[in-house]
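Notes follow once the structure below has been shown.
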Amino acid sequence: MRQVTIHAAKTNLSKLIEAALRDEEVVIAKGSKPVVRLVPVSRGAFTIGLLKDKLGTGADFFEPMNNADLDTWEGEAFRAP
């Protein structure tokens with residue numbers, strides 16, 4: 001475990017980040033009291049098309065609504081005769 005003071009961490013931040021990326025434990029201390037630990041952010045694998053074929057198809061928003069749906073949105077008073 002590598003422990004450094006806040007002042008040393010400010011001066012050597014890029015080196016400490018590289019050490020954390022190499023899985024070294026880096027602890028930043030205020031005086032002699034440890035206060036934070038540098039750890040690398042885990043990067044999950046991003047999968048394109050993860051939900052393909054699981055959601056189904058949505059409504060076609062360019063098609064006219066049927067009267068029942070139109071009444072739900074606007075009410076019967078607004079429907080043209």
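Okay, here's what the table says:
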read-out	value
Boolean, A68 is over 30 Å from T5 (Cα atoms), open to solvent by 80 Å² or more (accessible area, probe 1.4 Å) and small (G, A, S)	no
In the stretch 1-16, the residues that are within 29 Å of the chain's Cα centre (by Cα) and open to solvent by 60 Å² or more (accessible area, probe 1.4 Å)	I6, K10, L13, S14, K15
Count of residues meeting criterion [part of a loop (DSSP other than H, G, I, E, B), at negative phi and open to solvent by less than 100 Å² (accessible area, probe 1.4 Å)] in the stretch 21-38	2
Of residues in the stretch 39-57 being open to solvent by 70 Å² or more (accessible area, probe 1.4 Å) and within 21 Å of K15 (Cα to Cα), the one modelled with the lowest pLDDT	R43
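The values are calculated or read from the model by the stated rules, or taken from the named source; none is laboratory data. As the structure is a prediction and not an experimental result, all values here were calculated from the model. Remember, those area values only see protein heavy atoms, side chains included, never the ligands or the DNA or RNA. Shrake-Rupley method; radii C 1.70, N 1.55, O 1.52, S 1.80 Å.
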